[in-house]
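Please treat every number below as a calculation from the coordinates, not as lab data. Note that the structure is a prediction, hence the values are computed from the model and not measured. So basically every Cβ, Gly included, is an ideal-geometry build from the backbone, and we count neighbours across all protein chains shown.
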Ligand code: SF4
Ligand code: SF4
């Protein structure tokens, strides 16, 4: 903005009579104008440049190929979330996924895990935490993810972003970033606050070559701020999604009237990319269970800092097998395993990924993560769930 104002100030004085003294002044003005023009050029958001548009187009092609492969074959994970560090620089009151003492996973172990995911044919690998931006070798592991052919993403609270960090993420080949923003001002429940992060969002809007999604939440005391967060995200050219907060086991917390109203206002606007797969949340918002087949352990995996495979962040310990020992046979078994926690589950990423296979392969066995034993699935049990509305 100030660069543009400077540029017009220079050109607006060009009508003065030409003299030798003025010539030097004009030369200076010419180079100042060129400099200002180049600053003006720099002010074009990176995603709007030719390179930015090219990267977005090729990303879209890779994503479509990923969806095509997922529709054609069921034998590989579509999304894996992996934790490079459990440490987080924040301390949100509702969070059970961080600590203040964990050391980062050594780089060579992270590389081995990513390569193992590559061998399983994983389509998308997302870095989770803790805070992934606190991981010292983030760029290296993003590059490694891209080398496996997978789409690379990260979730972050955004606090550690700066221009240099964004440029390094661009260079490493990051495809997607999700920033969760819970409220406008920090409080004891959450420090993921718009008014603290707005400057970081502007930086991202200017410099990021990767896709950015801002996710806000309703429920559990969060609510009306989501409308402001959604508006700001779209003003800055980001995708905006909304989630419903869950309890400590990933299960449904019915929304109050005000939260439900906010949820429907945000979610029923024009949908883009991933937001269109969020129909399951409508039932959650109304306090109704969903009928779906959770494909966790197969199409979706959660890999903790110890390198173990879990169904999801809220069902850690199941199956709890080292990733290095996880095979295609495990993927196949879990694909066909119903989880009894699924009707009231609010884990959005697993819902979205499982949606791809919604139409096929009924599940033939059932497990209660945390229950004493697995039991063979019987149709009446599933019917019981369906009629429990
Ligand atoms: S920023 Fe994320 S990981 Fe860190 S405490 Fe808050 S919710 Fe948990
Ligand atoms: S239904 Fe699946 S994603 Fe949801 S809590 Fe259970 S195992 Fe996790």
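Sorting 188-199, 204-215 by their mean Cβ neighbour count within 10 Å, with the most densely packed peptide first, gives 204-215, 188-199. Placing a label point 7 Å from the Cα of residue 288 along the Cα-to-Cβ direction, the residues of the stretch 327-344 with a backbone N closer than 20 Å are 341-344. Residues of the stretch 183-200 with backbone nitrogen within less than 18 Å of a virtual label 7 Å along the Cα-to-Cβ line of residue 59, please, listed as ranges. Flagged as within label range: 200. With both residues required to sit in the stretch 62-367, DSSP beta bridges show an antiparallel share near 15%. Per-residue extension of 0.36 nm, minus the Cα-Cα distance of residue 99 and residue 49, leaves a gain of 14.0 nm for this segment.
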